[in-house]
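No value in this document is a laboratory result; all are computed from the given coordinates. Quantities reported herein were computed from a predicted structural model and do not represent experimental measurements. Counting neighbours? That spans all protein chains shown, and the Cβs are built from the backbone with ideal geometry, glycine included.
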Amino acid sequence: MDIYSFFNSRDVADYLRGEKHEFTAAEAAYIVYLSDTATLDEKLVAWQEIVDTMPDCPVCHSALDPYFKRDYKSEHQFLREYIFTMKLMLRKFMDGEGCVYMPHEFRFTPETAIRYGRDEHSLWIQEMPDPFSSFDKCVDSLRHDLEGAPEFDRYCIAKRAIDGGDSGYVTLDERFRVLDVTWANHDPSDYDDVDMHLCCAFLELPIPFKRGDIVIDRTARDPRPFVFDYLKFWDSATLAEHGHVLSAERAEKIDRYVANWRAEGSKDDSYMPAMGWSLTPGSLLTAEDPAFLAYDPFGACHNYLDLEYYREPLEGKLRLLEVASRWARGEIDLDFAINNAALVAAEVRAEKLRSEMETEYIGVI
């Protein structure tokens, strides 16, 4: 199995390939789970191949494990049950007795979003169409309506019980192949335990990014470039390797925190986000609004393994990222960074005001 084909980030995959990283069964299972483009069938085949060909190992435990009904010791045991459960959930979703199916959300392709003048961060659109009596009829209707006009690359189909009860969602790709299935508003079951073991797992892998790199998670619902700073589980030595300059007191405090965290075994996906500076959502709505950066204490992206370098031109308000990047790398001092950011913000406001004035008065002139 080519595990690198399941990575959402080519940059992370290429780096780990160059490092000749040897994946455990648990690491490989999580990477397959994380894939944004692999179909559910492809994931099921990959998980079975992991069981058949890779040595067994402990599961990637998370801090939530004590709350689960089952305590998995073997990754093979867990994957066998997970494969069975996912197949069961998909069959349950396709069983349309007493239920209706409705298109719930669509995701525009980036090209279509630009053509329609949508904000580049608002790719998803909700739908409120008529219900269908079966999943196949719902998909056939989408195929017919969208034939020859591939405006979307994701389709979310909702299942609703007519008299209340189970509800769920299936996500399809641009070829209407099933990517995943989820459930909500159902009675507690072992499905919750099995799924949470994987989606809440913590994985620690090396990455190529350094402090000051401009990166983006394109799998995010609201993809935004940001200036990379650090990962929450890095110790002082790793932080130094990635460009951080720490005092002895600060380094000691960080190492003590990381050591306690590891000793307590409190690892879960809450430590997977990457920290950094990004443009505040909603800024520049009017000409008077300032353009400014914000540091999200909860993380600028959900999972660091999905990051890739942002290679597009930094234009308009995105130029602020370049200022922050140069400061984080130590290329400019704080005073220069602040003044440069103020200049960029003023230029962006002036350009926006000019555009608004032309739109308002060009017909009159």
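Descriptive notes on the structure:
- Legend: residue pairs Lys20/Lys253; Lys253/Lys317; Lys159/Lys267; Lys43/Lys159, Cα-Cα distance threshold 30 Å; pairs beyond threshold, Lys20/Lys253; Lys253/Lys317; Lys159/Lys267.
- Per-residue Cβ neighbour counts within 10 Å put Thr53, Thr219 in the sequence Thr53, Thr219, beginning with the fewest.
- Arg256 sits among other residues whose Cβ lies under 14 Å from its own Cβ, and their net charge, with Lys and Arg +1 and Asp and Glu -1, is -2.
- Cut-off 12 Å between beta-carbons: net charge of the residues surrounding Glu49, Lys and Arg +1, Asp and Glu -1: -2
- Residue separation of Ser134 and Glu249 scaled by 0.36 nm, minus their Cα-Cα distance, works out to 35.1 nm of gained length.
- When the stretch 3-93 is reduced to its Cα atoms, the Kirkwood hydrodynamic radius in Å: 14.2
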